[in-house]
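Visitor: What follows is a structure written as structure tokens; I'll ask about it next.
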């Protein structure tokens, strides 16, 4: 997949985009500050005010298990047993524990793909180091694969969750290289607007330009996220930050859906790293002109329904 077509935007997409841009222009969606200690305290106050509580409903049988210190929500399609496939759904976030908004997204994927969903409530980097979070995601993934098999396990990640999914591939390769019990790659990976940090000056310049145009992400978001990450965990290794330092050897079929957005500043780095590691033919990247962040994960207008449908088709054929 490549750049999206040149069809005019649907009316509903135009309305949503115009509202988002108006909010940003009016300053309702303000960019973060640079006082990292104050920002850290604000983030932690938010996290304390929004603890995990198991959601109900959504057409699935819900249960919560503990993985080390952290909960993982399991949404089973069949109350009395497992379905034939599993989705490891990694929600967006980053500095705040915003687990709740995407539960309905995960439920929709599970319902449409007729799959059980595993939804780890991972700690934001204001509460745990990126390394600790990466270890948690790998641990959950290994448990899912043990139950369902790698060929019937898909990983879906949006925004910061897409970043965690890229880290997961590196984690699998590093685990296997260290001589542990072999961990297979998932059968499929779907990423919606995956986040990743710029590394080169060219990438930073592109990110800055795209932030100014992005209808959702505020200006300065990349600098803030990286600065606060290094404030809380200064020893974070490069392979947990930059696609150029990640390991994509043996990567599965990976479908990436970007908009014309700030997060697409990482697109070339992801593509180059897949090609370097011999997985370039398994990376399918689509950039939809005029769209907003994570558009393909919410089927609410023509363009998002089309690409969400493509994702469901991939999952049901897995």
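Visitor: For the structure I just gave you, tell me whether residue 247 is assigned to a helix (DSSP H, G or I) and either touching a helix residue (DSSP H, G or I) at 6+ places or on another chain (Cβ under 9 Å) or closer than 24 Å to residue 216 by Cβ (or both).
Guide: For residue 247, the condition - assigned to a helix (DSSP H, G or I) and either touching a helix residue (DSSP H, G or I) at 6+ places or on another chain (Cβ under 9 Å) or closer than 24 Å to residue 216 by Cβ (or both) - is not met.
Visitor: What number of residues in region 134-158 are under 18 Å from residue 241 (Cα atoms) and in contact with a helix residue (DSSP H, G or I) (Cβ under 7 Å, 6 or more places away or on another chain)?
Guide: So the answer is 5.
Visitor: Which one is surrounded by the most Cβ atoms within 10 Å (Cβ to Cβ) among residues in region 275-298 that are more than 14 Å from the chain's Cα centre (by Cα), at pLDDT 95 or above and closer than 22 Å to residue 89 by Cβ?
Guide: 283
Visitor: Scan region 115-130 for residues that are outside any helix (DSSP H, G or I) and either modelled with pLDDT under 95 or over 10 Å from residue 87 (Cα atoms) (or both) and report the count.
Guide: 10
Visitor: Of all residues in region 170-188 being crowded, with 23+ Cβ neighbours inside 10 Å and assigned to a loop (DSSP other than H, G, I, E, B), which is nearest to the chain's Cα centre (by Cα)?
Guide: So, considering only residues that are crowded, with 23+ Cβ neighbours inside 10 Å and assigned to a loop (DSSP other than H, G, I, E, B), the one nearest to the chain's Cα centre (by Cα) is 186.
Visitor: Criterion first (touching a helix residue (DSSP H, G or I) at 6+ places or on another chain (Cβ under 9 Å), assigned to a helix (DSSP H, G or I), within 25 Å of residue 291 (Cβ to Cβ) and touching a residue at least 40 places away in the same chain (Cβ under 8 Å)) does residue 207 satisfy it?
Guide: yes
Visitor: Sticking with this structure for a sec: Give the residues of region 141-160 that are surrounded by fewer than 16 Cβ atoms within 10 Å (Cβ to Cβ) and either under 16 Å from the mean Cα position of the chain (by Cα) or on the phi > 0 side of the Ramachandran plot (or both), sorted by residue number.
Guide: 149
Visitor: Sticking with this structure for a sec: Which one is surrounded by the fewest Cβ atoms within 10 Å (Cβ to Cβ) among residues in region 83-108 that are more than 13 Å from the chain's Cα centre (by Cα) and assigned to a loop (DSSP other than H, G, I, E, B)?
Guide: 101
Visitor: Would you please name the residue that is surrounded by the most Cβ atoms within 10 Å (Cβ to Cβ), looking only at residues in region 110-126 that are out of contact with any strand residue (DSSP E or B) (no Cβ under 6 Å at 6 or more places or on another chain) and under 18 Å from residue 152 (Cα atoms)?
Guide: My answer is 113.
Visitor: Another one. Restricting attention to region 37-82, and to residues there that are part of a loop (DSSP other than H, G, I, E, B) and touching a helix residue (DSSP H, G or I) at 6+ places or on another chain (Cβ under 8 Å), which single residue is nearest to residue 232 (Cα to Cα)?
Guide: 68
Visitor: Could you give me the residue pairs with C-beta distances under 9 Å whose first residue belongs to region 261-285 and is outside any helix (DSSP H, G or I), whose second residue is exposed (fewer than 15 other Cβ atoms within 10 Å of the Cβ) wherever it lies, and which are 6+ apart or on separate chains?
Guide: 261/213; 283/275; 284/1; 285/1; 285/2
Visitor: What do you reckon, is residue 218 surrounded by fewer than 18 Cβ atoms within 10 Å (Cβ to Cβ), part of a loop (DSSP other than H, G, I, E, B) and out of contact with any strand residue (DSSP E or B) (no Cβ under 7 Å at 6 or more places or on another chain)?
Guide: Yes: the conditions hold for residue 218.
Visitor: Also, I was wondering about something else. Can you confirm whether region 236-251 contains a residue that is crowded, with 17+ Cβ neighbours inside 10 Å, within 22 Å of residue 91 (Cβ to Cβ) and at pLDDT below 95?
Guide: no
The values are calculated or read from the model by the stated rules, or taken from the named source; none is laboratory data. Please read all numbers here as calculations on a predicted model, not as lab measurements. With ideal geometry, Cβ positions are generated from the backbone for all residues, glycine too; neighbour counts draw on all protein chains shown.
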